[in-house]
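Down below is the structure, laid out as structure tokens.
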Amino acid sequence: MLVLLRQGKISKWFSGIGQEAIAVGATLAMEADEWIMPLHRNLGVFTSRKMPLSKLFMQWQGNKEGYSKGRERSFHFGTKEHHICGMISHLGPQMAIADGVALAYKLRGDQKASLAFTGDGGTSEGDFHEALNIAAVWDLPVIFIIENNGYGLSTPTSEQYRCKNLVDKAIGYGIEGIQIDGNNILSVYDTIKGVRDYCIKNQKPYLVECMTFRMRGHEEASGVKYVPPEMFEFWAQQDPVKNYEQYLVAEQVLTPAQVENIKAETKAHIETELQIGSQAQAMQVNTDEELRDVYAQRKDTGYLIPDENLQVRASEIQHPASGIQHTLFPEKRFIDGIKEALHQSLVKHPNLIIMGQDIAEYGGAFKITEGFVEAFGKERIRNTPICESAVVGAALGLSLEGFKAIMEMQFADFATVGFNQIINNLAKIHYRWGQHADVVIRMPTGGGVGAGPFHSQSNEAWFVHTPGLKVVYPSTPADAKGLLIAAINDPNPVLFFEHKALYRSVSGHVPEEYYEVEIGKARLVTSGDDISIITYGAGVHWAMDYAKNHPDISIHILDLRTLLPLDYAAIKEAVTATGKVLLLHEDTRIGGIGGEIAAWIAENCFDLLDAPVMRCASLDTPIPFNMELEKNFMAYSRLDEYVQNLMNY
Ligand SMILES: Cc1ncc(C[n+]2csc(CCOP(=O)(O)OP(=O)(O)O)c2C)c(N)n1
């Protein structure tokens with residue numbers, strides 16, 4: 001690898017020289033169909049799983065015939081065939097994915113364990129803590145291996161942690177742990193074999209700290225000036241490959257001649273594979289394929305229902321922020337639509353798991369899952385510790401093993417602490433190496449409830465900016481049900497926004513049956529001739545109330561329903577209808593989805609416009625607590641002004 005790197009025949013590579021015994025010994029101790037979550041130094045995981053070297057070379061050259069169609073570098077790829085889950089650069093997120101896989105094993109009663117690697121530096125990440133904690137609390141058969149090689153990039157362990165040994169952290173999680181010589185392949189192999197048996201038999205995780213040393217720089221370009229030379233001299237004596245060779249000869253398992261034969265055969269094998277690997281075709285760029293591979297294709301046809309069966313009468317709607325009170329019809333509330341979607345989906349998909357804080361006996365912060373534990377049991381309706389990042393990671397791990405997962409984010413605001421897993425793992429994994437993430441994250445969102453800056457934010461635009469996610473945002477009870485069922489049936493990661501203020505204030509007709517509303521299809525709320533309001537979520541109710549109170553203005557209202565992907569055909573129709581467009585959303589203005597739609601209209605519908613596209617959004621401040629301040633913050637307080645501006649243009 002060193003030679004090839006210098007010759008420019010492979011791209012970036014992180015050396016595992018000096019640490020080989022850990023990756024190889026641990027991988028060989030696992031069964032071939034047990035998932036491993038390796039990191040950047042773990043070439044030995046890939047070779048021990050007998051992946052063809054030629055294809056690995058193509059991967060490292062960024063060729064299409066590699067494992068990621070040229071989309072990923074070095075070891076940042078996985079393969080289902082070899083049960084290896086590719087890392088993202090952020091290191092720690094690997095560990096929680098192992099939790100999810102182990103949960104799948106546990107739920108199915110498989111006699112299997114998963115294995116995740118981390119470096120000593122990675123143990124400082126919150127992800128380490130969250131993954132170990134969840135594995136402990138849920139009694140998951142996961143082996144966590146720390147490769148303690150003395151340094152992060154250049155940071156020595158003395159500046160990384162204060163405990164004496166990293167393995168001592170196991171005590172804090174209430175799990176077992178052991179520290180071993182990571183440079184002795186037999187110790188590693190024996191330990192991991194035994195630990196694996198323990199994890200499966202006792203249904204518990206285990207922490208193994210392997211002491212080792214990195215004989216090269218973090219990467220070849222970074223050098224080793226920060227390492228005292230005597231360290232290299234000491235650890236050269238502990239070289240795991242040389243020592244194992246000497247041991248085998250001393251024990252007369254191999255003769256020196258056999259050793260030489262093995263080396264020669266291996267060298268010849270590498271040369272042949274390199275030859276094949278270097279015959280890869282030059283990259284032919286195919287933009288359609290690039291775009292297509294961002295999302296997994298759904299295989300079944302779905303359970304679509306015609307829009308006319310979902311009509312909501314305006315008189316049935318009330319919204320607290322509008323100050324208008326209607327009598328509630330005895331029909332179902334927004335929250336009931338969501339509850340029904342979840343309930344029916346749990347019946348439909350025995351492999352569907354719901355996870356979230358306080359969702360089990362307590363029924364969730366908004367009581368949406370109340371009664372679910374009694375109906376579906378605690379294994380499927382899972383209370384989680386306050387570990388958003390690891391729960392998203394575990395959801396992805398479940399997906400690797402063919403489960404479907406829903407995570408209830410207690411408030412959409414808390415997605416920030418699971419952000420990395422959502423943005424970098426869930427969203428990108430299909431494009432990177434073809435693994436889908438069958439995960440729905442429910443996001444109770446929005447304000448109007450006097451809950452202040454951290455329980456009221458509108459953060460949908462963060463996710464709309466991330467290819468690989470779908471972002472759904474219903475406004476009616478019937479859509480809430482049909483879109484949530486569609487999201488659960490979609491094999492891709494879906495962020496499902498539920499406006500909290502709508503939960504109990506909006507009622508309407510909701511069909512009893514199991515049905516889907518198509519993701520990516522907007523809904524025409526009312527047609528009109530004067531102006532068009534394109535909106536979603538609470539904005540739909542604001543626009544409807546406004547129209548009701550201003551019968552002299554003929555308003556065309558479009559409910560987007562899905563923000564990623566957008567329904568451009570419906571947007572164009574709305575522009576065509578009136579030539580005057582107001583984009584309305586509760587989210588703040590700068591960087592809000594309204595700006596994106598306005599740009600699209602300017603590019604594609606310029607000739608249809610009779611006025612500039614306008615945006616009525618919330619103030620560009622954090623959302624305040626005081627009800628008067630919040631009212632002033634809300635886009636709704638400026639709706640009349642914008643409508644009049646547009647009408648008078
Ligand atoms: C979240 C995050 N922060 C920083 C980095 C940059 N980085 C890459 S590897 C590395 C050192 C990791 O050290 P350790 O976990 O001990 O593993 P080692 O490289 O020594 O095997 C750093 C700081 C990163 N990839 N991700």
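Summed over the range 103-126, the residues that are open to solvent by 20 Å² or more (accessible area, probe 1.4 Å) and either more than 9 Å from the ligand (Cβ to nearest atom) or of a type in the set (Asp, Glu) (or both) give a count of 9. Does Ile88 satisfy the criteria of being surrounded by fewer than 20 Cβ atoms within 10 Å (Cβ to Cβ), touching a residue at least 24 places away in the same chain (Cβ under 8 Å) and closer than 17 Å to Ala395 by Cα? In short, yes. Residues in the range 620-629: is at least one touching a helix residue (DSSP H, G or I) at 6+ places or on another chain (Cβ under 8 Å), of a type in the set (S, T, N, Q), modelled with pLDDT of 95 or more and open to solvent by less than 20 Å² (accessible area, probe 1.4 Å)? No, the range 620-629 contains no residue that is touching a helix residue (DSSP H, G or I) at 6+ places or on another chain (Cβ under 8 Å), of a type in the set (S, T, N, Q), modelled with pLDDT of 95 or more and open to solvent by less than 20 Å² (accessible area, probe 1.4 Å).
Picking from residues in the range 137-187 that are outside any loop (DSSP other than H, G, I, E, B) and among the aromatic types (Phe, Trp, Tyr), the one that is most open to solvent (accessible area, probe 1.4 Å) is Tyr173.
Okay, residues lined up against (1) more than 27 Å from Asn492 (Cα to Cα); (2) aliphatic (A, V, I, L, M):
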| site | (1), (2) |
| --- | --- |
| Leu563 | no, yes |
| Ile571 | no, yes |
| Gly594 | no, no |
| Asp607 | yes, no |
| Asp610 | yes, no |
| Val613 | yes, yes |
| Glu628 | yes, no |
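Do we find that Trp600 is closer than 27 Å to Ser456 by Cβ, at pLDDT 95 or above and not aliphatic (A, V, I, L, M) in this structure? Answer is no for this residue. Cβ-Cβ distance below 7 Å, separation of 6 or more or different chains: which pairs start in the range 358-374 with a residue that is closer than 16 Å to Ile406 by Cα and of a type in the set (Gly, Ala, Ser) and end on one that is open to solvent by less than 30 Å² (accessible area, probe 1.4 Å) and assigned to a helix (DSSP H, G or I)? Short answer, once both residue conditions are applied: Ala360/Val373. Looking only at the range 524-566, residues that are charged (D, E, K, R) and open to solvent by 10 Å² or more (accessible area, probe 1.4 Å) come to 4 in all.
When Asn243 is tested against (1) in a helix (DSSP H, G or I); (2) over 18 Å from Ala23 (Cα atoms), only condition (2) is not met. Please verify whether Val249 is in contact with a helix residue (DSSP H, G or I) (Cβ under 7 Å, 6 or more places away or on another chain), aliphatic (A, V, I, L, M), assigned to a helix (DSSP H, G or I) and farther than 20 Å from Leu43 by Cβ, treating the condition exactly as stated. So Val249 passes the test.
Residues are listed down the side, and each one gets a yes or a no for (1) more than 12 Å from the ligand (Cβ to nearest atom); (2) in contact with a strand residue (DSSP E or B) (Cβ under 9 Å, 6 or more places away or on another chain); (3) of a type in the set (A, V, I, L, M); (4) open to solvent by less than 20 Å² (accessible area, probe 1.4 Å):
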| position | (1), (2), (3), (4) |
| --- | --- |
| Met1 | yes, no, yes, no |
| Ser15 | no, no, no, yes |
| Glu31 | yes, no, no, no |
| Trp35 | yes, yes, no, yes |
| Lys55 | yes, no, no, no |
| Met58 | yes, no, yes, no |
| Asn63 | yes, no, no, no |
| Gly70 | yes, no, no, no |
| Gly78 | yes, yes, no, yes |
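The criterion of being open to solvent by 10 Å² or more (accessible area, probe 1.4 Å), away from the ligand (no atom under 16 Å from the Cβ) and not hydrophobic (A, V, I, L, M, F, W, C) does not hold for Gly100. For the range 564-575, the condition of being at pLDDT 95 or above and under 16 Å from Tyr642 (Cα atoms) holds for none of the residues. Met231 satisfies every condition listed in (1) farther than 15 Å from Ala26 by Cα; (2) away from the ligand (no atom under 13 Å from the Cβ); (3) among the aliphatic types (A, V, I, L, M); (4) under 30 Å from the mean Cα position of the chain (by Cα) except (4). Taking the numbered list (1) open to solvent by less than 10 Å² (accessible area, probe 1.4 Å); (2) without any contact (Cβ under 8 Å) to a residue 12 or more places away in the chain in turn, Ser74 passes all entries but (2). Is at least one residue of the range 41-52 open to solvent by 50 Å² or more (accessible area, probe 1.4 Å), closer than 28 Å to Cys210 by Cα, modelled with pLDDT of 95 or more and within 16 Å of the ligand (Cβ to nearest atom)? The answer is no; no qualifying residue exists.
The values are calculated or read from the model by the stated rules, or taken from the named source; none is laboratory data. From a predicted model like this one, the values you see are computed outputs, not experimental measurements. Methodologically, a virtual Cβ is constructed for each residue, glycine included, from the backbone with ideal geometry; neighbour enumeration extends over all protein chains shown. Calculation scope for accessible area: heavy atoms of the full protein, side chains included, ligands and nucleic acids excluded. Shrake-Rupley method; radii C 1.70, N 1.55, O 1.52, S 1.80 Å.
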